[in-house]
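Engineer: Take a look at this one; I'll ask things after.
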Amino acid sequence: MFNNRATINFLEEDQQFHLNNGLISYIFKLSSDGKLLQLYYGKAIPDKDYSYLIEMHHRPMTTYRQENDLLYSLEHLKQEFPEYGTTDFRHPAISLRQENGSKITDFVYLKHEIFNGKPQLENLPATYFENDSEGKTLVITLKDKVTNVEVELLYTIFSDLPVITRSSRVINKGSQVQFIEEIASLSLDLPDADYDWMQLSGAWGRERAVKERPLQQGIQSIESTRGISSHQHNPFVALKRKNTDETSGVVIGTALVYSGNFLIQAEVDTWDVTRLQVGINPFGFQWQLNPTETFTSPEVVLVYSNCGLNQMSQTFHQLFRKRLARGVWRDKDRPVLINNWEATYFDFDEDKLVSIAEKAHDVGVELFVLDDGWFGERNNDHSGLGDWFVNKTRLPRGIGSLAEKIRSIGLKFGLWFEPEMVNKESKLYKEHPDWMIHTPNRKENHGRNQFVLNFGMQEVVDEIFNQMCSIIDESKLEYIKWDMNRPLTDVYDARLESSQQGEVFHRYVLGVYRLYEMLITKYPNILFESCSSGGGRFDPGMLYYAPQAWTSDDSDAIERLKIQYGTSMLYPISSMGAHVSIVPNHQTNRLTPIETRGNVAFFGAFGYELDLNQLTEKEILVVKKQITFYKKYRSVIHNGIFYRLISPFDCDEQAAWMIVSEDKKTAIVAHYKILNKVNQPYKRLYLQGLHSEFVYQNDDQLYSGSELMNVGFIISDASSGQNNEQNIRPETYDFDSRIWVFTQKED
Ligand code: GLA
């Protein structure tokens, strides 16, 4: 019935919009007084008039839009751009404070436009098309007659993915100043509340744990108030039907392409209508919109799946990997790197670094990353941030000479920066104490002895850009790790009017994006990895600039199972920085086998973060094998389709996942045994995503795809008993793991 292409139809007679690509439909219509009423969002359905879905009923204690009418109340209606206080009492998509203090508005339809392609959002990261045939965009303009403010609602539907993106532009065409106090990028009313809410939450060192709860009447929300998207909550929520699991059932996933304060909430009203809203956090936000000015809200991505969480994640992965990440590194194999942080911390000199690099090159590493400590007077974490010139005490021959040395060993060279920060013990602070975010006459609160530069100021961004350019040019950097190690406090900008203080957080984020854009424009070949004390700013906004991010400062393989599993809900495997580190692990003091550390880190942008000189000969042999394995399969790992098989969040002390190449000819399957047990059941792993008719080979055994998916692959080990000499099952230990590669057998 459908040809898998995006269409946006406006049925004039029914005043109904229908976005459809054969996978999903998104339908809403205009009311007789120009309000946008939501009708349907879900699996694709045919075009017809769906006005019968509108509920207009007389109920006690309700208020109505028209005199002598006891039916039309916005409180009962599902809407696209709701406002508060004109018969709707739920949270609005916009709150506009006017000069007289009123926040009442009445935005009604003015016009609309439908076109091929997807417009860029000004100064904001967003998904994109490579050509206009990849989808269609609908722009609906609403107008509030009293203020003369217009709002453009942008809807883009992708041709080949169950994806709709949304954002809005508020344009002040009036003569008075307006204050935007709230602007949700997405407001979607769903007809019932039979969903479980899934969020990814945690803390430093245990980011993005999967947490779920049923929706209830009232508001459930996650947010950031820290100026970064945060370790605590990721800007992502999924609403899944009660029976939804990894392989079946309906789920709606939403993510905000933004790296600052956000709010995602679901308000379930008294009639079980669910209002899902996503956008900049209104807490601490207010934007002064002068006449002629426009404010653009960040983009929201909406993903629909009726085949469970894996399909939702695969859609996010494909979208983020191919149409959010940009630049030459988007599709390129990522280099195996070694980072010196956990190997040396601040205790290094050139000889030590060179000895790590030489050993790394011997085993097959391709990129050497010098982490914190190479600049300014950075001898500990009290000083140096803001001074992006070489620390001559540590590296007397300069950074260019070190870079050359590393290159002569045969490795690429990368450096760590923390561009947004300043220590009071720095040249930059002495020269520009007013560049630091602080509130005059009040205590200045630090984080790790450091303060935040006001990236809302163009001259601050320019100064850091210039400093970074000198270092990049001198050392011809091939990689940059951009860190950000504290939330924002004491937020104020003395150069702005008192009425503009609610803008400081957002201006800061725009400044961060500006610096990223300046750097990637000037140096398109550099591979950027974002970081924020591990995964404190692992968000879709960052992926637009940096195609990979340091997933967590917790490098323990067992902890990483949960962290990477949760992260995979929406972020592609290629985006997750994952390193093998030393044991006892520096965060957990845990001892895990080097094989397991590798088997976990393979499912990410792979690297090492230890001094290889401290490993035994036997371990070095394992490392060499790991690197050979990774190089052989990295393009499958990064471009393949990822399936979660067994969750480490279930209490069975195990986890499993797999990746299948796009042509289905290769599958890499991993099983992790967290704690060993005795006298266990016989175990099979039911593989997914294979071609049922292909014959796959693993070791000397042949299996059909349908066999591996339906009969399952036996993973029993010695814990489920030994029988005879011919069938010795592998002994297993705590923190053990196994990886199998299945390749299509060509005749
Ligand atoms: C943060 C990062 C680490 C490391 C240190 C350096 O914590 O997450 O990987 O770069 O900073 O100070």
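Engineer: Select from the stretch 622-726 those chymotrypsin sites (Phe, Trp or Tyr not before Pro) which occupy a DSSP coil region and have at most 15 other Cβ atoms within 10 Å, ordered by residue number.
Structural biologist: Counting only loop positions with at most 15 other Cβ atoms within 10 Å, the chymotrypsin sites (Phe, Trp or Tyr not before Pro) in the stretch 622-726 are Phe649, Tyr682, Tyr686.
Engineer: Taking 7 Å along the Cα-to-C-beta vector as the label spot, tell me the Asn116-Arg590 distance in nanometres, rounded to one decimal.
Structural biologist: Spacing of the two 7 Å Cα→Cβ label points: 5.2 nm.
Engineer: Can you list the residues of the stretch 174-214 with backbone N under 18 Å from a point 7 Å past the Cα of Ser499, pointing along Cα to Cβ?
Structural biologist: In the stretch 174-214, the label zone of Ser499 (backbone N under 18 Å from the point 7 Å along Cα→Cβ) covers 174-182.
Engineer: Please find the FRET efficiency linking Tyr682 to Asp160, where r is the Cβ-Cβ separation and R0 is fixed at 45 Å, and quote it to the nearest 0.05.
Structural biologist: With a Förster radius of 45 Å, E is 0.65.
Engineer: In whole Hz, with x marking every Gly and Pro, tabulate ³J(HN,Hα) for the stretch 352-363 from phi via Karplus 6.51 cos²θ - 1.76 cosθ + 1.60, θ = phi - 60°.
Structural biologist: 3J(HN,Hα) across the stretch 352-363, in whole Hz: 5, 4, 5, 5, 5, 5, 4, 5, 4, 5, 4, 8.
Engineer: What percent do you get for the relative contact order of the chain when only Cα pairs under 8 Å and 6+ apart count?
Structural biologist: 10 percent
Engineer: Another one. Would you compute, from DSSP H runs of 4+ residues alone, the mean residue ellipticity of the chain at 222 nm, taking -39500 (n - 2.57) per run and dividing by the full residue count, rounded to the nearest 500?
Structural biologist: After summing the helix terms and dividing by the residues of the chain, the value is -5500 deg cm²/dmol.
Engineer: What distance in nm lies between label points placed 7 Å from Cα along the C-beta direction at Lys103 and Asn123?
Structural biologist: The modelled label-to-label distance comes out at 2.5 nm.
Engineer: Could you tell me whether the stretch 72-217 comes out rounded, prolate or oblate from its Cα gyration tensor? Rule is a ≥ b ≥ c as square roots of the eigenvalues, rounded for a/c under 1.5, then prolate if a/b exceeds b/c, otherwise oblate.
Structural biologist: Oblate shape, in that a/c is at least 1.5 and b/c is the bigger or equal ratio.
Engineer: Calculate how many DSSP beta bridges within the chain are antiparallel, expressed in % of all such bridges and rounded to the nearest 5.
Structural biologist: Looking only at bridges with both residues in the chain, the antiparallel portion is about 85 percent.
Engineer: What fraction of the DSSP beta bridges in the stretch 337-639 is antiparallel, stated in percent and rounded to the nearest 5?
Structural biologist: Once the DSSP bridges in the stretch 337-639 are tallied, antiparallel ones form about 15 percent.
Engineer: Quick one: putting +1 on the C-beta of Lys and Arg, -1 on the C-beta of Asp and Glu, what dipole do you get for the chain around its Cα centre, in Debye to the nearest 20?
Structural biologist: 640 debye
Engineer: Okay, next question. Anything over 21 Å Cα to Cα? Flag those among Lys427/Lys522; Lys359/Lys625; Lys332/Lys631; Lys412/Lys624, in the order listed.
Structural biologist: Over 21 Å Cα-Cα: Lys427/Lys522.
Engineer: Kindly list the residues of the stretch 76-95 that lie in the label zone of Thr62, defined by a backbone N under 13 Å from the point 7 Å along the Cα-to-C-beta vector.
Structural biologist: 76-78, 87-89
Engineer: Report the extension gain between Arg5 and Phe89 in nm, rounded to one decimal, defined as 0.36 nm multiplied by the number of residues separating them, less their alpha carbon distance.
Structural biologist: Extra length from Arg5 to Phe89 when fully extended: 26.4 nm.
Engineer: If I model a spin label at Ser221 and Thr270 as a point 7 Å from the Cα along the Cα→Cβ vector, what separation in nanometres do I get?
Structural biologist: Output for this residue pair reads 2.1 nm.
Engineer: Taking a ≥ b ≥ c as the square roots of the eigenvalues of the Cα gyration tensor of the chain, is the shape rounded (a/c under 1.5), prolate (a/b larger than b/c) or oblate?
Structural biologist: oblate
Engineer: Related question: At 0.36 nm per residue, minus the direct Cα-Cα distance, what do Glu350 and Glu431 gain on full extension? Give it in nm, one decimal, please.
Structural biologist: Gain on stretching Glu350 to Glu431: 26.2 nm.
Engineer: Still on this structure, please answer the following. Report ³J(HN,Hα) in whole Hz for each residue of the stretch 737-747, in order, from the Karplus equation J = 6.51 cos²θ - 1.76 cosθ + 1.60 where θ = phi - 60°; Gly and Pro get x.
Structural biologist: Along the stretch 737-747, the couplings run 7, 9, 10, 10, 10, 10, 10, 5, 8, 7, 7 Hz.
Engineer: Over the stretch 654-744, what relative contact order in percent results from Cα pairs under 8 Å that are six or more residues apart?
Structural biologist: 37 percent
Engineer: Show me the trypsin sites (Lys or Arg not before Pro) within the stretch 188-282 that DSSP assigns to loop and that have at most 10 other Cβ atoms within 10 Å of their Cβ.
Structural biologist: Answer in residue order: Lys242.
Engineer: Please figure out what share of the DSSP beta bridges in the stretch 395-526 is antiparallel and state it in percent, rounded to the nearest 5.
Structural biologist: Here the antiparallel bridges make up roughly 50 percent for the stretch 395-526.
Engineer: Using the Cα gyration tensor of the stretch 215-270, with a ≥ b ≥ c the square roots of its eigenvalues, what is the shape: rounded (a/c below 1.5), prolate (a/b larger than b/c) or oblate (neither)?
Structural biologist: It comes out oblate by the Cα gyration axes.
Engineer: A further question on this structure: So what's the gap between the Cα centers of the stretch 564-578 and the stretch 413-427, to the nearest angstrom?
Structural biologist: A separation of 27 Å, based on Cα centres.
Engineer: Given R₀ = 25 Å, FRET efficiency for Asp473-Glu377 by Cβ-Cβ distance, to 0.05?
Structural biologist: Efficiency, from the Cβ-Cβ distance: 0.65.
Engineer: Could you state the number of Å between the C-alpha centres of the stretch 295-319 and the stretch 11-57?
Structural biologist: Here the answer is 21 Å between Cα centres.
Engineer: If you find the alpha carbon centre of the stretch 683-739 and of the stretch 346-384, how far apart are they in angstrom?
Structural biologist: Answer, in whole Å: 42.
Engineer: Please give the contour-minus-distance gain from Val328 to Ser32: 0.36 nm per residue of separation, less the Cα-Cα distance, rounded to one decimal in nm.
Structural biologist: Once the chain is fully extended between Val328 and Ser32, it gains 101.6 nm.
Coordinate-derived values only; no laboratory data. No experiment lies behind these values; they were computed from the predicted model shown. Note that we place each Cβ from the backbone using ideal geometry, even for glycine, and neighbour counts take in every protein chain shown.
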